[in-house]
Amino acid sequence: MSEARTPAQIEADIVRRREELATTLDEIAVRVHPKTIVGDAKARAASAVDRTAGRAYVAANRAVSGVRGKFVSEDGSPRLERIVPVALAAVAVVGLLAASTRRRGR
């Protein structure tokens, strides 16, 4: 059988439970306060932006490294056999655009 509790023990238990309930209600009040909700939303948004920016940086870095690898050898010297044709193609495109712009202007 369970031991009989004294009125003082029961009263102390009630006081302890009231304090626990008050603490719990205070925690709930802080969590549902509009400033807390806004702060949490801002923190989640900032975290998402940081993750996205980090991923974008990694992707851009990989892309630049990949392109650089095509035009620069492992020892760091330029690969002219690849640079010259691309440069000529770029000059040709710019020349065609300039010629097309002149024709439209007339």
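Rolling a 1.4 Å probe over the protein heavy atoms gives segment 17-57 an accessible area of 90 Å² per residue. Taking Rg/Rh (Cα atoms, Kirkwood Rh) as calculated from this structure, the corresponding entry among [x] 1.01; [y] 0.91; [z] 1.60 is [z].
Rounded to a whole number, what % of the accessible area of the chain do carbon and sulfur atoms account for, probe 1.4 Å? Please report the intermediate quantities before stating the final value.
Details: 6020 of 9570 Å².
C and S atoms contribute 63 percent here.
Computed 3J(HN,Hα) for segment 25-38, one whole-Hz value per residue from the Karplus formula 6.51 cos²θ - 1.76 cosθ + 1.60 where θ = phi - 60°, is 5, 4, 4, 5, 4, 5, 5, 9, 5, x, 5, 5, 5, 5, glycine and proline marked x.
Quick check on the chain: helices-only [θ] at 222 nm, where DSSP H runs of length 4 and up contribute -39,500 (n - 2.57) each and the sum goes over total residues. Nearest 500, please. Don't skip to the answer; put the middle values down first.
Numbers: 3 runs with 90 residues, N = 106.
Here the helix-only value at 222 nm equals -30500 deg cm²/dmol.
Placing a label point 7 Å from the Cα of V91 along the Cα-to-Cβ direction, the residues of segment 52-84 whose backbone N falls under 12 Å of that point are 84. Springs join every pair of Cα atoms under 10 Å in this Gaussian network model of the chain, and among A53, A41, A89 the largest mean-square fluctuation is at A89.
The values are calculated or read from the model by the stated rules, or taken from the named source; none is laboratory data. Not measured: the values here are computed from a predicted model. Note that each Cβ is placed from the backbone with ideal geometry, even for glycine, and that neighbours are counted across all protein chains shown. SASA here: full protein model, heavy atoms, side chains in, ligands and nucleic acids out. Shrake-Rupley method; radii C 1.70, N 1.55, O 1.52, S 1.80 Å.
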